[in-house]
Every structure is written in C-alpha cells, then in structure tokens.
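These notes are about the structure you will find just below.
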Amino acid sequence: MATATALLVGTGCSSGSGTSPPNTPKNATATPASPPRPVHDPPSEFALDSGSPMPEEATAGRLTVGGTLKDSLPIALHKSTAYVALPDRVQAVDTADGRVLATIAPREKTVRTSNEWDVDDSAEAPAVIPHGETATLVAPFLVERSGTGTQADHTAVELTGSDMDSHEVTWRLVLDLPKWAETSLSTLYTEVAGAENGKAVVTVQDRTNAVTFAVDVGMRKVLWTQDRFRAVGIAAGTAVGTTVEDGTAHERVAGRGIVDGKQRWIGTDSYALSAYTAGPHLIVVHGRDYATGDAYHRLVDARSGVTRREMPTALAGARCTYDDRKTLVCSGKGAEGHVAAGMDARSGGILWQLPDDAADRVAPKVSTAWHGRVYGTTGNGIVALDARTGKDLSTPPDIAPVLVNESVGLALDESGDVLMAYPTSG
C-alpha cells in the first residue's frame with residue numbers, strides 16, 4: 001500500500017504524513033521581482049510593446065509544426081509570476097521581463113531530468129492552492145528514493161509546498177507508490193489533478209494503472225490514498241475520477257469524499273471513458289457503455305453522481321472551460337464544424353450557442369475564458385465575448401491569450417514559435 005512519510009524519514013503508515021525542514025541545499029533560490037503593475041479584472045487590453053518571452057521549456061514538446069499548442073501549458077499564474085513546471089524543477093518567472101526569480105526543486109534525484117537539449121512534455125502545471133488567508137504553490141516530482149541497508153531504491157513522489165512571496169519551499173512530503181509503479185513498463189506521470197478549500201488530489205499514473213493521494217495543504221498531511229483510482233479533480237467536496245481495473249478495458253466514473261476518502265457514488269460500467277471537472281459543482285463525462293457500446297456525453301453532479309443533462313449533439317467534440325466565476329465555455333469541433341457555447345456552471349443550462357445562422361454569427365475558436373470574458377479567434381481575427389450572453393465585446397484585445405489573469409496574458413507570438421507574456425493594460 002502506498003504511504004506518505006517525511007523526506008529522509010523511514011517510517012510511515014497508509015494515511016500518515018510528515019514534513020521536512022525547508023533549509024536544504026535544493027530549496028528555492030530567489031531574486032527580487034519587478035515592482036507591482038496595475039491589474040485589470042478581467043483584462044480587455046494587453047500591452048503588446050511590453051511583451052516578454054517565456055522560457056523555451058514552457059512549450060517544449062507542446063507545439064505543432066504549424067505553430068499551435070497541442071497540449072495544455074505546464075504553467076500556473078499568480079499575480080505577475082508564472083510558475084513553469086519541468087520534470088525536475090519549477091521555475092518562478094517574472095512575466096514583466098522573463099527573468100527566472102527562483103527555482104524550486106526536489107531534494108531527491110528525479111526520475112527524469114530536463115536541460116536545454118532534452119526537455120520533455122511530461123510535467124503538468126503546479127497548483128496555486130489557497131488555504132485560510134494564504135496560498136501555497138504545490139508541485140509534485142517523481143523521484144528515485146535511495147534505500148538504506150538492505151532496502152532497495154524505489155520510485156516515489158516528492159510533494160513540495162512553497163511560499164508564494166519568497167518562492168521558498170516551506171514543506172515537503174514523500175508519497176510512496178504501489179508496487180506496480182516500480183515494475184511499470186510505460187512512462188509514469190504525476191500531477192496535482194485538482195484542489196478545493198485547501199485540499200488537493202495528487203495522481204500518479206501510467207498507461208494502465210493509477211493511484212490518488214488526497215492532501216490537506218494547510219495541515220501538510222495526506223488524508224487518504226486510493227490505488228486503482230485516477231482522480232481528475234475536486235468539486236462539491238468530492239474527489240472525482242475514474243476507476244482502473246488492471247488488465248481490462250472496464251472503467252467507471254466515481255466520487256469520493258475529499259476528507260475521508262469514502263466512496264459516495266459510482267457510475268455504470270464503461271470503456272473509452274474520460275472525465276474532467278467543470279466548475280465547483282459539475283463534471284463532464286463521456287465514454288461508451290460497456291454492455292451496449294452506446295456513446296454518452298453528459299454533465300454530472302459531482303457530489304451525487306446524478307446526470308444533470310445530456311450534452312447537445314452539436315457539442316460532441318467540445319471541451320468546456322470554467323471561467324472561475326459562474327460559466328462553462330465549451331468549444332471544439334462538432335458534427336457540422338466548429339462550435340462554441342456558454343453554459344451555467346451550476347444548472348448546466350445552455351446560455352448561448354454558436355454558430356447562429358439566424359444572426360449570421362460564426363463560432364470562435366476559444367483560447368480561454370476567465371472571469372466572465374471569453375477570448376478566441378475567427379476568420380475575421382481576434383474576438384472577445386461576454387461569457388454569460390455570448391455577445392461580442394465592442395473592442396477586441398490584440399491577443400487571444402491561452403492563459404490569463406488580472407496581471408498578464410500568455411499567447412504565442414506571430415511566428416507561433418515563442419510563448420510571450422503580455423501585461424494587461426485595460
């Protein structure tokens with residue numbers, strides 16, 4: 001059974017925890033950040049003449065030949081700092097000038113390393129997790145933990161918690177993995193799959209197996225561990241994810257209480273299953289019924305597992321983004337071309353949908369949505385929409401950011417080769 005222990009401490013139990021002191025040689029090394037900039041929430045304009053290139057590692061392995069992103073960025077934004085994840089470190093980057101302010105690294109040797117000649121795309125974005133009146137940057141690393149005496153070395157996850165102002169590591173947890181992780185013939189991946197109210201779920205998976213750890217960030221301890229469960233996030237106090245049955249195609253979507261790990265509900269036997277959180281109350285689930293082979297695509301209540309609605313056929317190929325307010329913005333390639341829609345994040349009701357032939361409006365390719373604003377592009381150029389109504393805003397921005405907050409928007413430059421950080425200006 002997987003365990004959690006303090007780093008370099010040899011004891012542990014199934015839901016135990018421990019932390020190690022932060023004053024180590026591989027703690028963050030920091031330089032002063034640029035002065036604070038004006039904020040705009042949500043931003044409508046960006047200062048193109050003040051853009052700064054992000055480190056090349058931010059897009060390594062994630063760009064197509066045509067200069068578009070094929071995978072999500074391994075980046076978390078907090079104020080004017082971008083935290084860029086790599087397999088062996090996290091870089092805190094000042095988006096004002098592209099300087100690396102600090103490097104956050106595990107104490108143990110990582111399973112994979114990265115340098116300017118060899119950077120893979122296995123790292124996922126770290127997580128900025130509020131708890132109480134503060135917030136912590138949480139980042140997991142796959143490490144090789146050295147054995148002692150007759151104990152063999154083994155693979156583990158070193159989970160780091162860092163201060164958001166100093167970027168210094170304030171605590172570390174080591175999460176020991178099940179035996180299948182030691183003998184896996186495929187690549188292991190780890191990520192913070194989701195967070196809510198100071199709790200987080202950390203997953204480790206390969207092609208056929210997965211394990212989930214629930215962590216209380218404020219208490220710095222593991223709440224529970226569940227093997228054969230691949231969490232995709234937390235919503236309504238429930239860790240939601242999919243079950244994994246070794247060596248079979250059988251899968252079920254399921255929900256577990258984030259505090260106690262008890263199963264609250266489980267879905268029907270399925271295959272080709274995919275699920276992700278869609279705001280604070282819902283999850284999107286699509287797959288095929290194992291008995292009949294019938295495909296389904298639905299919005300499900302995260303706490304109860306009850307289906308709120310079947311997704312419209314036109315949105316079959318769409319993926320939904322929560323705007324961190326009250327709207328889901330769905331975009332993708334539907335049965336008859338590109339589609340976009342806005343849905344209420346609580347009820348699942350459709351607020352608007354494009355294209356709209358009657359209004360002679362086309363669907364934008366949505367780059368992201370944040371705080372009531374939708375950013376994207378059409379054949380006419382860059383657009384911005386109201387997330388609740390779907391109406392075009394009168395003045396579109398100069399970029400369609402793929403990641404945005406009140407301080408900065410990230411977008412590829414005109415060549416499609418360089419990820420740029422543009423400060424908000426209106």
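What follows draws every value from the coordinates through simple rules; no lab data is involved. This one's a predicted model, so the numbers in the text were calculated from it and none came from an experiment. Positions of Cβ are generated from backbone atoms using ideal geometry, with glycine treated the same way; all protein chains shown enter the neighbour counts.
Here are a few things to note about the model shown:
- Going from the fewest other Cβ atoms within 10 Å to the most, the residues 219, 343, 311 appear in the order 219, 311, 343.
- In this calculation the C-beta distance from residue 358 to residue 246 is compared with R0 = 60 Å, giving a FRET efficiency of 0.70.
- Using the Cβ-Cβ distance between residue 313 and residue 146 with R0 = 45 Å, the FRET efficiency computed as 1/(1 + (r/R0)^6) comes to roughly 0.25.
- Above-threshold pairs, the threshold being 31 Å between Cα atoms, out of 70/262; 79/333; 109/326; 79/179; 70/221; 70/109: 70/262; 79/333; 109/326; 79/179; 70/221
- Rounded to whole Hz, the Karplus (6.51, -1.76, 1.60) HN-Hα couplings of region 374-389, x for glycine and proline: 10, 10, x, 9, 10, x, 8, x, 7, 9, 9, 10, 6, 5, 7, 10
- Nearest-0.05 FRET efficiency for residue 417 and residue 219, computed from C-beta distance (R0 35 Å): 0.20
- Surrounding net charge for residue 140, when Lys and Arg each add one and Asp and Glu each subtract one, Cβ distance under 9 Å: -3
- Computed about the Cα centre, the dipole magnitude for the chain is approximately 1200 debye when only Lys and Arg (+1) and Asp and Glu (-1) carry charge, each at its Cβ.
- Cα gyration tensor shape for the chain, rounded if a/c is under 1.5, else prolate or oblate: oblate
- Largest mean-square fluctuation among 123, 316, 92, in a Gaussian network model of the chain whose springs join Cα atoms under 10 Å apart, belongs to 316.
- Rounded to the nearest 20 debye, the dipole magnitude of region 292-426 is 580 debye, with +1 charges on Lys and Arg beta carbons, -1 on Asp and Glu beta carbons, and the Cα centre as origin.
- Under 5 Å between amide hydrogens, built in the peptide plane, is the criterion, and for residue 324 it picks out 371 among residues at least 5 positions away or on other chains.
- Put a dot 7 Å past the Cα of residue 31, heading toward its Cβ, do the same for residue 182, and the two dots end up 4.3 nm apart.
- With contacts taken as Cα pairs under 8 Å and at least 6 residues apart, the chain reaches a relative contact order of 15 percent.
- Sorting 160, 113 from the fewest to the most surrounding beta carbons within 10 angstrom yields 113, 160.
- Karplus-derived 3J(HN,Hα), 6.51/-1.76/1.60, for each residue of region 210-217, Hz, glycine and proline x: 7, 9, 10, 10, 9, 10, 8, 5
- Amide H contacts of residue 384 (H built 1.01 Å from N, under 5 Å, at least 5 apart or other chain): 393
- Signed unit charges on C-beta, dipole axis of the chain, positive-most listed residue 267, 68, 322: 267
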